[in-house]
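> Right, I'll just put the structure down here and ask away after.
The values are calculated or read from the model by the stated rules, or taken from the named source; none is laboratory data. Everything quoted here is computed from the prediction, not taken from an experiment. Positions of Cβ are generated from backbone atoms using ideal geometry, with glycine treated the same way; all protein chains shown enter the neighbour counts.
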2 protein chains.
Amino acid sequence: MKKTGTYQFASKPSIVSTAVSVGPLEKVSPFHPHFDFIYEDERIGQETNEKGHSQLIEDTCNMAVTKGGFQLQDIDLLLAGDLVNEMTPTNFAARQLATPFMGMFSACATSVSSLITASFFLETKLMDKVMFGAASQHNAVERQFRYPIEYGAQKPPTGQWTVTGGGYGILSHHQTGKPYVHSATIGQVMDCECTDPLDMGSAMAPAAFDTIQKHLAQNKGTSYDFVMTGDLGKNGFSILQELIKSSGVSSYLVDNYRDAGAEFYGNEEKFLSGASGAGCSATVYYGPIYAELLAGKWKKILLVATGALLSPLSFQQGETIPCIAHAVELSME
Amino acid sequence: MKKTGTYQFASKPSIVSTAVSVGPLEKVSPFHPHFDFIYEDERIGQETNEKGHSQLIEDTCNMAVTKGGFQLQDIDLLLAGDLVNEMTPTNFAARQLATPFMGMFSACATSVSSLITASFFLETKLMDKVMFGAASQHNAVERQFRYPIEYGAQKPPTGQWTVTGGGYGILSHHQTGKPYVHSATIGQVMDCECTDPLDMGSAMAPAAFDTIQKHLAQNKGTSYDFVMTGDLGKNGFSILQELIKSSGVSSYLVDNYRDAGAEFYGNEEKFLSGASGAGCSATVYYGPIYAELLAGKWKKILLVATGALLSPLSFQQGETIPCIAHAVELSME
């Protein structure tokens, strides 16, 4: 039988601390009251966007450690990644943090692939505290994947705006009163033969749908407060809703579907189809959503981070855009 | 107390199957009798180097599955990565393989970070078969990190030659008669402030030394047949040997030290300081070394894959080269 990639964690590892920080533009977000820190400067006082990106990662990881009442030396492992080539912002932040470190790359889905991996590591009882998360920085990512940012190039309405922000958490053994990882579904690469790098939402929606279907099929009868995808944006999210509607399976399982990217910037036209970037799902999941779980507002949610696994080179070579989605089910007792 | 990143796997997960394949130039390697497949064409019949790279990954993973007597649908998860931006060769191969997939990035140390992660996943008993490994393709990597390959630019004697090759294995529950993962040390990022991207060996040697020291300190009294680093090359390996000599700790613990990169191309001058690339350690570890363990030639070895976590951009921005090394101890009963 084909593997569905769905696993349940008997030890119920808990997210015991999180921290999220964002850039200045992200102040417009309806989520902003739950961001721990908002920088006034996109570059975080550094001389390049990439160095600013790295500083944001380092600061936010330190914040997650401090907020949990821990010290860096308590952290067994950092599992993290970003979208810049060779993930140098995360690598350089890991140098400063000086914890054992393994880089993860699932593009924007790294926010969740890192948490799923942390859950397996905790389940062995060999580790006690694993830090996980992801980040993105608007200018560093935009200029790498699209145009020199100074051009001010216009994008179509399907385009998305890369978030400057990072979200990190610390996963530890089960603690009552903290949200815990109930189960997860590791996605497989899906390719609907989309080719437009300015319409990632359309490319990613089928991967999100596939992973959600698999997760729900393995958790029949479970009631969710909501399923929240990562950064499909308004356009991709509407495609996901169509896919769900036509499948006819979901309405009795969840009350509603949401998308972090579609909600992130509200209805500001400047941001077109909404937010994207590894920092989009990471800041929303580990900021406002985590806070609301902690406060008892939600009991059970499914977070489905989506990632487009292209490079500028693969696009130029005429390749389509392969995508992936990883899902994690968080519960609060 | 500072975490050493060293873990022992009580379930003794076994490497039940491996496959390695290389490009045409790698025929000169003294290791070549243990390569499963040698392509006659560097591009593996594809129109671009990156597509050839992807094809090599797909073919080699399929070979590891077939050699083990398995089918792709038996694989719970693929954990793999490469050195190309956004790891598109691995992403595209994962699309074809259609197994659940998570990308790993520790540069050339991904050959081992993927095996360590697989060991934790197996230790939970939630999975049964995890495929792990890494690959590199000479032209795809060289033109990305250094010069357009058509220039024929000269390199200094400290330069290394990126291997075209990939090595993949399948980790499963303990099986008598198969090499198993006894323990592992997850490295932390080290930076000795090296800045020369044509001398990666010097940059990586301190990371290898740090990880080896930590692993041996946690496994006092253990006798090893040898410790083999990943791709320090001749230059970096001589620096590691100096570090070991001056520390005075190692001689009673191991009979000798080796480096896959220094040995890979023998003494052919064209290859300068030796081999590099994620495919260097992956093909040597999961080809000849695995075969020799299986044949009972070795009983206990420590494999220490090294990775340079730079990008061309971080180098241009005046950054130093942060490095990492992950170690895995393989045993044969």
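> Going by the conditions given, is B:SER223 under 13 Å from B:THR306 (Cβ atoms) and assigned by TED's automatic domain parsing to the domain that holds B:GLU319?
no
> Could you run through the stretch A:315-331 and say how many residues are facing another protein chain (nearest Cβ under 8 Å) and either among the aromatic types (Phe, Trp, Tyr) or more than 23 Å from the chain's Cα centre (by Cα) (or both)?
Total satisfying the criteria: 2.
> Which ones in the stretch A:26-51 are among the β-branched types (Val, Ile, Thr) and either under 24 Å from A:LEU302 (Cα atoms) or in a loop (DSSP other than H, G, I, E, B) (or both)?
Quick first cut of the stretch A:26-51, residues among the β-branched types (Val, Ile, Thr) only: A:28, A:38, A:44, A:48.
A:ILE44, A:THR48, listed by residue number.
> Kindly establish whether B:LEU171 is among the hydrophobic types (A, V, I, L, M, F, W, C) and either surrounded by fewer than 24 Cβ atoms within 10 Å (Cβ to Cβ) or assigned to a loop (DSSP other than H, G, I, E, B) (or both).
Judged against the criteria, B:LEU171 is not a match.
> Another one. So which residues in the stretch B:160-185 are under 14 Å from the mean Cα position of the chain (by Cα) and under 30 Å from B:LEU313 (Cβ atoms)?
Correct list: B:THR162, B:VAL163, B:THR164, B:GLY165, B:GLY166, B:GLY167, B:TYR168.
> Here is a further query. Residue under question is B:PHE264, and the condition is that it be within 14 Å of another protein chain (Cβ to nearest Cβ), among the hydrophobic types (A, V, I, L, M, F, W, C) and closer than 20 Å to B:PRO156 by Cα; does it hold?
no
> For the structure I just gave you, tell me whether B:ASP82 is over 15 Å from B:CYS280 (Cβ atoms), touching a strand residue (DSSP E or B) at 6+ places or on another chain (Cβ under 9 Å) and charged (D, E, K, R).
The answer is no for B:ASP82.
> Okay, next question. Any chance you could count how many residues in the stretch B:76-103 are within 7 Å of chain A (Cβ to nearest Cβ), under 18 Å from B:ILE116 (Cβ atoms) and touching a Pro at 6+ places or on another chain (Cβ under 8 Å)?
Final tally of qualifying residues: 2.
> Also, I was wondering about something else. Checking A:VAL181 against (1) farther than 24 Å from A:VAL16 by Cβ; (2) touching a helix residue (DSSP H, G or I) at 6+ places or on another chain (Cβ under 9 Å), which single condition isn't satisfied?
(1)
> If A:LEU122 passes every condition in (1) part of a helix (DSSP H, G or I); (2) facing chain B (nearest Cβ under 9 Å); (3) over 17 Å from the mean Cα position of the chain (by Cα); (4) at pLDDT 95 or above but one, which one does it miss?
(2)
Every residue, every condition in (1) outside the structural domain of B:GLY159 (by TED's automatic domain parsing); (2) closer than 21 Å to B:THR6 by Cα; (3) in contact with an Asp or Glu (Cβ under 8 Å, 6 or more places away or on another chain), yes or no:
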| position | (1), (2), (3) |
| --- | --- |
| B:ILE239 | yes, no, no |
| B:SER246 | yes, no, no |
| B:ASP259 | yes, no, yes |
| B:ALA262 | yes, no, no |
| B:GLY277 | yes, no, yes |
| B:SER281 | yes, yes, yes |
| B:TYR285 | yes, yes, no |
| B:ALA295 | yes, no, no |
| B:GLY318 | yes, no, no |
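> Would you check if there is a residue in the stretch A:129-137 being out of contact with any Asp or Glu (no Cβ under 7 Å at 6 or more places or on another chain), more than 8 Å from every other protein chain (Cβ to nearest Cβ) and modelled with pLDDT under 95?
Checking the stretch A:129-137: not a single residue is out of contact with any Asp or Glu (no Cβ under 7 Å at 6 or more places or on another chain), more than 8 Å from every other protein chain (Cβ to nearest Cβ) and modelled with pLDDT under 95.
> Being over 20 Å from the mean Cα position of the chain (by Cα) and surrounded by 24 or more Cβ atoms within 10 Å (Cβ to Cβ), is that true of even one residue in the stretch A:51-74? Before the answer, list the steps.
If we filter the stretch A:51-74 for residues that are over 20 Å from the mean Cα position of the chain (by Cα), which is where we start, we get A:51, A:66-74.
Still in the running and surrounded by 24 or more Cβ atoms within 10 Å (Cβ to Cβ): none.
No, the stretch A:51-74 contains no residue that is over 20 Å from the mean Cα position of the chain (by Cα) and surrounded by 24 or more Cβ atoms within 10 Å (Cβ to Cβ).
> Continuing with this model, one more query. Say whether the condition of being in contact with a Lys or Arg (Cβ under 6 Å, 6 or more places away or on another chain), outside any helix (DSSP H, G or I), over 30 Å from A:ALA205 (Cβ atoms) and among the hydrophobic types (A, V, I, L, M, F, W, C) is met by at least one residue in the stretch A:76-89.
No, the conditions are met nowhere in the stretch A:76-89.
> Same structure again: Just give me the residues in the stretch B:8-25 being in a strand (DSSP E or B), within 14 Å of another protein chain (Cβ to nearest Cβ) and either among the aliphatic types (A, V, I, L, M) or under 19 Å from the mean Cα position of the chain (by Cα) (or both), in sequence order.
Answer for the stretch B:8-25, where residues must be in a strand (DSSP E or B), within 14 Å of another protein chain (Cβ to nearest Cβ) and either among the aliphatic types (A, V, I, L, M) or under 19 Å from the mean Cα position of the chain (by Cα) (or both): there is none.
> With the requirement that a residue be touching a helix residue (DSSP H, G or I) at 6+ places or on another chain (Cβ under 6 Å), at the interface with another protein chain (Cβ under 9 Å from one of its Cβ atoms) and of a type in the set (A, V, I, L, M, F, W, C), what does the stretch A:104-119 give you?
Once the filter is applied, which keeps residues that are touching a helix residue (DSSP H, G or I) at 6+ places or on another chain (Cβ under 6 Å), at the interface with another protein chain (Cβ under 9 Å from one of its Cβ atoms) and of a type in the set (A, V, I, L, M, F, W, C), the stretch A:104-119 yields A:MET104, A:PHE105.
> For the stretch B:78-98, which residues satisfy the criterion of being of a type outside the set (D, E, K, R) and surrounded by fewer than 24 Cβ atoms within 10 Å (Cβ to Cβ)?
The answer is B:ASN85, B:GLN96, B:LEU97, B:ALA98.
> Cβ-Cβ under 7 Å, sequence separation 6+ or interchain: first residue in the stretch A:63-75 and assigned by TED's automatic domain parsing to the domain that holds A:THR18 and of a type in the set (A, V, I, L, M), partner exposed (fewer than 15 other Cβ atoms within 10 Å of the Cβ) and assigned to a loop (DSSP other than H, G, I, E, B). Which pairs?
A:VAL65/A:GLN71
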